[in-house]
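To start, the structure itself, in structure tokens.
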Amino acid sequence: MPDLPHLLAFIAAGWLLNLTPGPDVLYVVTNSLRSGVRAGIMAGLGITTGCFVHIFAAAVGVGTLMATSATAFTVLKYIGAAYLLYLGVRMVLSRAKPPTDLRAEAAAGGERSLKAIFLGGFWTNVLNPKVALFFLAFVPQFIAPGAGNTALYFVLLGVLFNINAIPVNVGWAVAAGWMARRSAVQKGMHWLDRAAGVLFIGFGLKLAFTDAPAVRVGR
């Protein structure tokens, strides 16, 4: 394991990376705006669970396969892109709801199934091969050369990264839930949905046209 200064640097870098807007942050914020803080937190938990899949997969070698096999990367890339495009198109084509309906929906914790929101966040992450490549490129930098049982250290650091992401996602959910109570935001919610949908479509297209990068595995 890294010493204390390197461990603190790892934690700080993880927080900065999790604060960076992307599909995960957008998914948390969108669900919190529409269905309340609980929905946003559940979206974040789904994303975190998806990250655990990549962490353990990378530790056992699946992530390395993804980094070295163009076919494996391409298959998962197109599945993930299609899912992001599906989410985006659904949001763009969604019907506008009166502010009173939105308030009732949020007050009820989002009658839309919290399980569905959780699974949406889970699949948004699992089907993105760039998440696996990120862990392969980022985490090994904090494992000392010659460290025994590298896979165990990889998992421990990956778990720490994920745990540190939870308060960040909760913060996004709470901030978005607070914004949703503003009348101006409620009146413009339909346009916010459309804007978020366009962003998801953009993320999906970007992923679809992404080439498999060369990733250095280990140190």
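Does segment 12-27 hold any residues that are of a type in the set (S, T, Y) and under 17 Å from P129 (Cβ atoms), and which are they?
none
Taking segment 140-172 as the range and being surrounded by 15 or more Cβ atoms within 10 Å (Cβ to Cβ) and more than 24 Å from V28 (Cα to Cα) as the test, the residues that pass are P140, Q141, F142, I143, T150, Y153, F154, V155, L156. Output the qualifying pairs, or none if there are none: Cβ atoms under 8 angstrom, residues six or more apart or on different chains, first residue in segment 54-77 and more than 21 Å from N162 (Cα to Cα), second residue surrounded by fewer than 18 Cβ atoms within 10 Å (Cβ to Cβ) and modelled with pLDDT of 75 or more. Cβ pairs passing all conditions: K77/A208; K77/T210.
Screening segment 137-219 for helices (runs of 4 or more DSSP H) wholly inside it with 3 or more residues that are at pLDDT below 75 returns the ranges 183-187, 189-208. Within the bounds of segment 9-32, is there any residue that is touching an Asp or Glu at 6+ places or on another chain (Cβ under 8 Å) and within 12 Å of G120 (Cβ to Cβ)? Within segment 9-32, one or more residues are touching an Asp or Glu at 6+ places or on another chain (Cβ under 8 Å) and within 12 Å of G120 (Cβ to Cβ). At least 1 residues being modelled with pLDDT under 80 and farther than 24 Å from N31 by Cα is the threshold, and among the helices (runs of 4 or more DSSP H) wholly inside segment 46-123 those reaching it are 62-68, 70-92.
The values are calculated or read from the model by the stated rules, or taken from the named source; none is laboratory data. Not measured: the values here are computed from a predicted model. Note that we place each Cβ from the backbone using ideal geometry, even for glycine, and neighbour counts take in every protein chain shown.
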